[in-house]
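To start, the structure under review is shown below, and the notes come after it.
Nothing in this text is a laboratory measurement; each read-out follows from the coordinates by a stated rule. Since the model is a prediction, treat every value here as computed from it, not as a measurement. Ideal geometry is used to build each Cβ from the backbone, glycine not excepted, and the neighbour counts take in all protein chains shown.
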Amino acid sequence: MHIKVIGQGPNLVMLHGWSMNSAVWHDLADGLATRFTLHLVDLPGHGQSNWHENALDLDVLINDLASKLPPSAYWMGWSLGGLISLAFADRYPERINKLILMAATPCFVKNTAWSCAMETSIFQTFADNLDSNQAETLQRFLFLQARGSAHSRGTVRRLAERLAVEQPPVAEALTAGLNLLINTDMREQLSTLRCPVKMILGERDTLIPKEMLLAAETLQPQLQTTLLIGAGHAPFISQANECQNEIEHFLNDE
């Protein structure tokens, strides 16, 4: 697994979302690296990380991350990276000092007890279309992430630029990542976390309804939340300065 380490200061692990790579953090990382030592992870089959069978099975992935990352760090996960970060925090609570969930939710799909999410069919459509046209499917997902944002065109452009920095993700990794989004439910794990947790969500996120923040607060009463007005599913790109301020304030607050 490829992990780029830059900056100076306390350790901060950063996990990207589905179909992306660690280059997506470029603008935000430049600012944070002056205060933190960043560990920018390319998930298996993404960016510069090789793929091997079952690499994104949650147990396999958590063990792999545990063997390669600092024994103590702040963690931040975007979207799918947030789910993975929650799983890591549940398995190794002593290794995460504070956790930031950036445009992430403990459960991405609706069920009878969790209405503030997307229909499973939407993710399943992406999964079904990957085999026939991966490039078009990834493009559609880019537009979905940016749609609704007050800066949607700029967000799509920046996401596409970050994707183009590295080779396309491996098809098997994309399928495995979608399976995680569809099948992973971390609500119980969120409710039992002992470390401080902060959620940052865009008001216009088309993947995660803003009502999710209230539902998450009922699971974890100590949860800190920020709703960024006008932002979509990639607020750290459309509103990088605001995100950096929120991150630094949370991590530096003792």
Point to revise | Mean shadow area of the chain, taken as a quarter of the surface of its Cα convex hull (nm²) | key: 11.8
Review point. Listing E246, E94 from the residue with the fewest other Cβ atoms within 10 Å to the one with the most, what is the order?
Key: E94, E246
Revision key, fill the gap. A correct Karplus calculation of ³J(HN,Hα) over region 101-117, with 6.51 cos²θ - 1.76 cosθ + 1.60, θ = phi - 60°, whole Hz and x for Gly and Pro, returns 9, 8, 6, 10, 9, x, 8, 7, 10, 5, 8, 4, 10, 8, 8, 8, 7
Review point. Out of residues 5 or more away from T37 or on other chains, whose amide H comes under 5 Å of its own, with H placed 1.01 Å from N in the peptide plane?
Key: Q8, G9, N11, L12
Review point. Cα centroids of region 32-68 and region 73-137: how far apart, whole angstrom?
Key: 15
Review point. Using the count of nearby Cβ atoms within 10 Å as a rough guide to exposure, how do V109, V60 rank from fewest to most?
Key: V60, V109
Exercise for review: Can you work out the PRE-style zone for E94? Point 7 Å along Cα to Cβ, and I want the residues of region 180-208 with backbone N under 18 Å.
Suggested key: 193-196
Point to revise | Dipole magnitude (debye, nearest 20) for region 1-83, charges at Cβ of Lys, Arg, Asp, Glu | key: 280
Practice item. Would you calculate, for the chain, the mean residue ellipticity at 222 nm contributed by helices, counting each DSSP H stretch of 4 or more residues as -39,500 (n - 2.57) and dividing by all residues, to the nearest 500? Key: -13000 deg cm²/dmol
Review point. Sorted from fewest to most neighbouring beta carbons within 10 Å, what does the list K4, K68 look like?
Key: K68, K4
Review point. Contour minus end-to-end for D30 and E53, with contour as 0.36 nm per residue of separation and end-to-end as the Cα-Cα distance?
Key: 4.9 nm
Point to revise | T112 paired with A171, simple spin-label distance in nm, labels 7 Å along Cα-to-beta-carbon | key: 3.8
Review point. Tally Lys/Arg at +1 and Asp/Glu at -1 over every other residue whose Cβ is under 10 Å from the Cβ of H39; what's the total?
Key: +2
Revision key, fill the gap. Taking only Cα atoms of region 1-80, the Rg to Rh ratio with Kirkwood Rh works out at 0.95
